[in-house]
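The structure appears below as C-alpha cells.
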Amino acid sequence: MLKRSLAMAAMAVLVTAGPAAAQKVEVSGLFGWTLSDGVESDPVLAGDGNLYDTVDLKDSASWGLAVGFNATDNFEVGFLFGQQMSSLEISGTATREVGDVNINTYHPYVAYNGGAPDARVRPYFLIGFGATNYSNVEFTRANGQAAETGSETQFSTTWGVGVKVYGGSNVGFRAGIHWTPTYIKSDSEGWWCDPYWGCYTVADAKYANQLQFNGGVVIRF
C-alpha cells in the first residue's frame, strides 16, 4: 500500500512539472556512506539476563536513485529513493547485534538549483516529505530459537545540500549531504499548566537519524 501511494505521488509530481519540463529531466544514481542512530527506551530485561534500553542502527554503505523535473530554470520537483544496508544493534548492560536490516526511504521532493540552467556548476538545496521503511530483521533468541521482527514504516523528511558539475555533455557528477530524520515515537514528559490554556501533557518526540554523504552520476535529458 505504501509503495502504491508513493508511486502515485511520484506521478503527481510528473504532472505538476507540465509539458514545458518534458525535455528537462535529470536522473541521478547515488552511492555513499550513511551515519545512522536509533532511539532510547525504557529498560527491558531480555532472556539473556541483560537490560537493554537502546536500539541502534549501524553506519554502513547506501545507494539511491533520484528523478527530477525542472519546473522552472531553478526549481526542480522529483522523487528520491534511498536504501541503506545496515544492521540492528541493542545495548544496555551489554551490546548485541541482532541482525541485518534494510532502511528504505521514499521522498517526493522540491529542490532549488542555483545558477543559470546551462551553468557547469550548480549548487542545490532540497527538501522532501515521505516515509522510511525498516525491513524485517531475522535473529536468534537467547534460547536458540529463530525469530523475526516485523517491518515498520514511519513518516520522515529529508534535507539535502550539494553541488552538480556538468562537463561539455549532458552527463555530470553530483555530490552532497542528505539528512533524514524519521519519527519513531513520543514519550510523555509530564504535565504543563498555563493560566490561560489550562493543563495538558507534554510529549518528547523521538527520531532516528540518517546522515548520508553521497556522490554519483547525473544525466540530463
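Points to keep in mind about this one:
- Segment 38-101: C-alpha pair distances exceeding 20 Å, %: 50
- When peptides 161-168, 146-153, 107-114, 88-95 are ranked by their average number of other Cβ atoms within 10 Å per residue, the highest-first order is 107-114, 88-95, 161-168, 146-153.
Throughout, read-outs are computed from the coordinates displayed, never taken from laboratory work. What you are looking at is a predicted structure, and each value in this text was computed from that prediction instead of being measured. So basically every Cβ, Gly included, is an ideal-geometry build from the backbone, and we count neighbours across all protein chains shown.
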